[in-house]
Amino acid sequence: MDEEPILVERHTGYRVITLNRPQRLNAVTEAMHRSLRRALTEAEEDGDCRALLLTGAGRGFCAGQDLNERLAKDGKTTVLGNALEIYYNPLVRKLRELPFPVVAAVNGVAAGAGANIALACDIVLAARSASFVQAFAKIGLVPDAGGTWLLPRLVGLARARALALTGEPLSAEKAEAWGLIWRLVEDPELMREAHKLCAHFAAAPTVGLALTKRALEETWDNDLETQLDLERELQREASLTPDYAEGVRAFLQKRPPVFTGRRAR
Ligand code: T3D
């Protein structure tokens with residue numbers, strides 16, 4: 001029987017999704033896309049899930065699209081576009097829109113769409129041995145899975161251009177120094193740190209964090225006036241949550257807060 005393309009673990013308050021094709025550095029197949037979509041929807045619909053951890057099995061995080069699916073027996077390649085519309089674009093949108101933090105634990109090489117899927121997550125931790133490769137340039141493609149949007153915003157146009165046009169690997173150390181990722185972690189510590197972060201989010205004021213994600217997502221397209229209006233609206237919504245009331249009470253009573261992550265008061 002074929003191995004499962006992803007593995008899902010349930011922990012208290014969060015889930016872990018592991019891309020699971022280690023012999024192919026977790027290159028993405030249609031079957032993996034379908035499983036991933038299902039797993040993300042289930043996590044979103046589970047009111048007790050307040051964070052998500054995405055990682056890869058074996059020595060890689062994800063080598064992007066499985067190129068075996070792109071070469072037909074007659075040696076011809078597939079015309080692309082549909083695959084992005086059907087699989088990659090909804091995946092990136094979903095990662096950005098999930099109403100809780102998504103942590104990527106990049107355990108090894110992240111290439112092509114694999115790199116940009118990692119960067120689409122809210123917080124990226126990378127093992128020292130990991131690297132980020134905009135591999136598209138090596139096979140005549142354009143960075144996708146949000147890469148052309150994210151890269152210049154994260155590292156500036158000069159570095160984004162060089163990464164995208166050369167396809168040179170970027171070490172985790174440089175990725176951290178350039179602000180491409182949140183933090184580099186020594187290899188043996190990676191999963192412990194990633195779980196620690198998710199456990200923290202599992203006890204956090206989830207609705208406030210979801211609204212924060214939205215504010216940061218929309219900031220790129222807004223001028224200051226529009227963003228101030230958005231902050232007012234989101235803050236109004238946040239202030240209606242029981243977690244806000246609990247946060248204020250706990251602060252004034254000098255005790256740790258107990259957040260439920262629930263929406264309505
Ligand atoms: O098509 C669409 O739907 C549009 C969307 C496109 C999105 C994309 O992601 S396009 C970009 C696709 N990805 C790549 O071009 C990366 C290809 N891989 C590599 O360049 C290298 O494997 C790495 C730099 C990622 C890692 O190099 P290395 O030396 O550490 O490992 P390796 O020996 O190259 O790979 C290990 C095995 O994984 C190897 O198989 P083997 O020889 O042991 O049987 C290799 O063929 C396989 N593998 C790695 N990447 C892919 C792959 N097999 C299929 N597809 C891959 N993308």
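Which pairs do you get when a residue that is farther than 14 Å from His33 by Cβ, found in region 72-89, comes within reach of a residue that is at pLDDT 85 or above and near the ligand (Cβ under 8 Å from one of its atoms), reach meaning Cβ atoms under 6 angstrom, with the pair 6+ apart or on two chains?
Taking only residues 6 or more apart or on different chains, the pairs are Thr77/Arg70; Thr78/Arg70.
Being assigned to a loop (DSSP other than H, G, I, E, B) and either in contact with a helix residue (DSSP H, G or I) (Cβ under 6 Å, 6 or more places away or on another chain) or on the phi > 0 side of the Ramachandran plot (or both) is the filter; apply it to region 35-61 and report the residue that is farthest from the ligand (Cβ to nearest atom).
The first filter runs over region 35-61 and keeps only residues assigned to a loop (DSSP other than H, G, I, E, B), leaving 46-51, 57-59.
Okay, now just the ones that are also either in contact with a helix residue (DSSP H, G or I) (Cβ under 6 Å, 6 or more places away or on another chain) or on the phi > 0 side of the Ramachandran plot (or both), so 49-51, 57-58.
Values: Cys49: 27, Arg50: 30, Ala51: 26, Ala57: 13, Gly58: 10 Å.
Here the residue is Arg50.
When both residues are 6+ apart or on different chains and their Cβ atoms are under 7 Å apart, which pairs have a first residue that lies in region 150-169 and is in contact (Cβ under 8 Å) with a residue 12 or more places away in the chain, and a second that is surrounded by fewer than 18 Cβ atoms within 10 Å (Cβ to Cβ) and of a type in the set (D, E, K, R)?
Note: pairs meeting the criteria are Gly167/Lys138.
So which of Leu151, Leu170 is closer than 21 Å to Gly64 by Cβ, surrounded by 14 or more Cβ atoms within 10 Å (Cβ to Cβ) and in contact with a Pro (Cβ under 9 Å, 6 or more places away or on another chain)? Walk me through it before giving the result.
Values: Leu170 fails: in contact with a Pro (Cβ under 9 Å, 6 or more places away or on another chain).
Just one listed residue meets the conditions, Leu151.
Out of all the residues in region 84-100, which are crowded, with 19+ Cβ neighbours inside 10 Å and not hydroxyl-bearing (Ser, Thr, Tyr)? Even if it seems obvious, please write down each step before you answer.
To start, the set of residues in region 84-100 that are crowded, with 19+ Cβ neighbours inside 10 Å comprises 87-88, 91-92, 95, 98, 100.
Correct list: Leu91, Val92, Leu95, Leu98, Phe100.
Suppose we filter Arg159, Arg192, Arg214 for residues that are surrounded by fewer than 20 Cβ atoms within 10 Å (Cβ to Cβ), part of a helix (DSSP H, G or I), at pLDDT 95 or above and in contact with a Phe, Trp or Tyr (Cβ under 7 Å, 6 or more places away or on another chain); which single one remains?
The unique qualifying residue is Arg159.
Does Gly140 count as at positive phi, away from the ligand (no atom under 13 Å from the Cβ) and surrounded by fewer than 23 Cβ atoms within 10 Å (Cβ to Cβ)?
no
Of the residues Val109, Val155, Val103, only one is within 16 Å of Lys174 (Cα to Cα) and more than 11 Å from the ligand (Cβ to nearest atom); which?
None of the other options fit; the residue is Val155.
Give me the residue from region 128-137 that is under 19 Å from the mean Cα position of the chain (by Cα) and closer than 18 Å to Gly64 by Cβ and, out of that set, surrounded by the most Cβ atoms within 10 Å (Cβ to Cβ).
Here the residue is Ala130.
Those residues that are in a loop (DSSP other than H, G, I, E, B), within 25 Å of the chain's Cα centre (by Cα) and aliphatic (A, V, I, L, M), I need them from region 62-84; list them, please. Working first, answer last.
The first filter runs over region 62-84 and keeps only residues in a loop (DSSP other than H, G, I, E, B), leaving 63-64, 66, 72-76, 78-81.
Still in the running and within 25 Å of the chain's Cα centre (by Cα): 63-64, 66, 80-81.
Residues satisfying the conditions are Ala63, Leu80.
The values are calculated or read from the model by the stated rules, or taken from the named source; none is laboratory data. As the structure is a computational prediction, the values presented were derived from the model and not from experiment. Cβ sites come from the backbone with ideal geometry, for glycine too, and all protein chains shown count toward neighbours.
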